[in-house]
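Data block below; observations after.
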Amino acid sequence: MFSLYDAFSTLKNKEEFENFLLDICTPTEIKDLNDRFIIAQHLYDGKMSQRAIAEKVKCSITTVTRVARFLHQEKYKGYKNALDRLHKK
C-alpha cells in the first residue's frame, strides 16, 4: 500500500497537483488549505498583525495563531521552506 506522501511525490507539475487535490479534497478543504497558505504569506511578510490577517482572510485568530506557530516555532518548516523558495523565484 502506498502512502499519500508517495502519491504527492509522483506529481510532476502544478496542473497534476491541482487535479489530485480536486480529487481528494472537498471544495471547503481546498479553501481552508489555501487560506492557511495565504495566512502564512502574510505572517512571512510581517507587515500585518495577526488580528488584521484574521479579518482580511475572514478566519479565526486561532487559525492565524496556529499557522504562526508552525511557520515560526515548529520543527517541520514546511511553510518556511515553500515560502523561501517562492521568494527566490
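The values are calculated or read from the model by the stated rules, or taken from the named source; none is laboratory data. Note that the structure is predicted; figures quoted are calculated from it, not measured. Methodologically, a virtual Cβ is constructed for each residue, glycine included, from the backbone with ideal geometry; neighbour enumeration extends over all protein chains shown. Areas reflect the complete protein model, heavy atoms only, side chains present, ligands, DNA and RNA absent. Shrake-Rupley method; radii C 1.70, N 1.55, O 1.52, S 1.80 Å.
Once region 40-78 is narrowed to residues that are of a type in the set (Phe, Trp, Tyr) and farther than 21 Å from Thr28 by Cβ, the residue that is least open to solvent (accessible area, probe 1.4 Å) is Tyr44.
Looking at this structure, is Phe17 of a type in the set (A, V, I, L, M, F, W, C) and open to solvent by 60 Å² or more (accessible area, probe 1.4 Å)? Don't jump to the end; show me each part of the working.
Values: of a type in the set (A, V, I, L, M, F, W, C): yes; open to solvent by 60 Å² or more (accessible area, probe 1.4 Å): yes.
When the stated conditions are applied, Phe17 passes them.
Against the definition (of a type in the set (Lys, Arg), closer than 19 Å to Arg85 by Cα and out of contact with any helix residue (DSSP H, G or I) (no Cβ under 6 Å at 6 or more places or on another chain)), how does Lys12 come out, yes or no?
Against the criterion (of a type in the set (Lys, Arg), closer than 19 Å to Arg85 by Cα and out of contact with any helix residue (DSSP H, G or I) (no Cβ under 6 Å at 6 or more places or on another chain)), Lys12 qualifies.
Residues of region 49-70 that are within 16 Å of Asn34 (Cβ to Cβ) and of a type in the set (A, V, I, L, M): Ile53, Ala54, Val57, Val64, Val67. I'd like the residue in region 55-89 that is among the small types (Gly, Ala, Ser) and in a helix (DSSP H, G or I) and, out of all such residues, is nearest to Ala40 (Cα to Cα). If we take residues in region 55-89 being among the small types (Gly, Ala, Ser) and in a helix (DSSP H, G or I), then Ala68 is nearest to Ala40 (Cα to Cα).
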